[in-house]
Amino acid sequence: MSLQASTQTPSPSFAGPLYVQVAGILRAKICSSEWSSRAPLPNEVALARDIGVSIGTVRKALEMLENERLIQRRQGRGTFVIETSDATELERFSNLRSGTKKLSCDSVDWTATLGEATREECQALALKMPESVYRLDAVWSASDAVDAVETITVAESRFPGLQSHLHEGGQLLFPLYRRHYQEVITKVTEALRPVAASPDLALKLKVAKDQPLLSVERIAYGMSGAPVEWSRRTMHLARANYSVTMS
């Protein structure tokens with residue numbers, strides 16, 4: 001059985017188990033802003049009736065969206081779309097700080113270059129060579145000084161036409177992925193290692209060549225569990241720090 005979404009989205013049909021198909025329909029309404037941030041969802045009975053499935057199927061679909069942090073259930077009040085913005089995504093997915101202040105990205109004028117993926121990029125994004133990828137650059141800072149630089153790589157096949165949406169880009173591209181491609185980032189892994197400043201990094205960070213820096217390699221995973229974005233952030237050790245809270 002294949003369910004059709006009653007909304008203008010890039011992917012009108014959804015495959016997989018029935019509750020996954022229902023989750024796809026509901027997710028499309030959220031990603032397309034048909035259901036806006038903080039808006040209440042129809043109750044489970046109404047959703048089941050409108051889509052033509054059981055309440056149990058709707059409930060499992062809502063649990064899936066709750067795990068993706070797209071909705072929030074409030075006891076006695078209903079289910080609401082979680083507000084997801086550049087600021088909330090930054091707070092959730094960025095660990096870069098300058099002292100106690102969260103680093104922000106000065107580069108909001110995103111530009112992309114298209115090229116053939118390297119072996120390293122294919123490995124990080126689980127791509128087959130040859131594959132075309134977009135590469136984007138960002139500068140992170142908490143003041144006038146540059147504290148970190150970042151290069152982001154995504155597959156053109158996963159985000160076709162990405163360059164036409166970059167004028168909407170903020171400090172992270174995750175909200176853009178959600179709006180135009182219905183791709184919700186559910187997990188990010190990071191690996192840290194020391195590096196020496198290359199001539200290019202030395203110029204960008206205004207440090208001496210071969211000065212010790214910290215490299216943070218990040219892989220962002222989508223709803224299917226597959227990697228969809230690979231990035232490498234390089235930090236100035238004297239001006240930026242990496243902070244993680246575990247509980």
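The values are calculated or read from the model by the stated rules, or taken from the named source; none is laboratory data. Just so we're clear, the structure is a prediction, and the values are computed from it rather than from any experiment. Please note: Cβ atoms are built from the backbone with ideal geometry, for glycine as well, and neighbour counts cover all protein chains shown.
General observations
- Considering 27, 49, the condition of being over 30 Å from residue 173 (Cα atoms), of a type in the set (Lys, Arg) and in a helix (DSSP H, G or I) is satisfied by 49 alone.
- Applying the condition of being within 20 Å of residue 139 (Cα to Cα) and modelled with pLDDT of 90 or more to the range 221-233 and asking which residue is nearest to the chain's Cα centre (by Cα) yields 229.
- Here residue 25 meets the list (1) at pLDDT below 85; (2) under 18 Å from residue 180 (Cβ atoms) almost entirely, failing just condition (1).
- All told, residue 5 falls short of being at pLDDT 75 or above and on the phi < 0 side of the Ramachandran plot.
- Restricting the range 194-220 to residues that are within 28 Å of the chain's Cα centre (by Cα) and of a type in the set (Lys, Arg), the residue that is surrounded by the fewest Cβ atoms within 10 Å (Cβ to Cβ): 204
- One residue from 193, 158 being under 16 Å from residue 31 (Cβ atoms) and touching a residue at least 12 places away in the same chain (Cβ under 8 Å): 158
- Output for the range 119-155, where each listed residue is touching a residue at least 24 places away in the same chain (Cβ under 8 Å), among the β-branched types (Val, Ile, Thr) and either farther than 25 Å from residue 180 by Cα or touching a helix residue (DSSP H, G or I) at 6+ places or on another chain (Cβ under 9 Å) (or both): 139, 146, 149, 153, 154
- Members of the range 53-68 that are in contact (Cβ under 8 Å) with a residue 12 or more places away in the chain and in a loop (DSSP other than H, G, I, E, B): 53, 68
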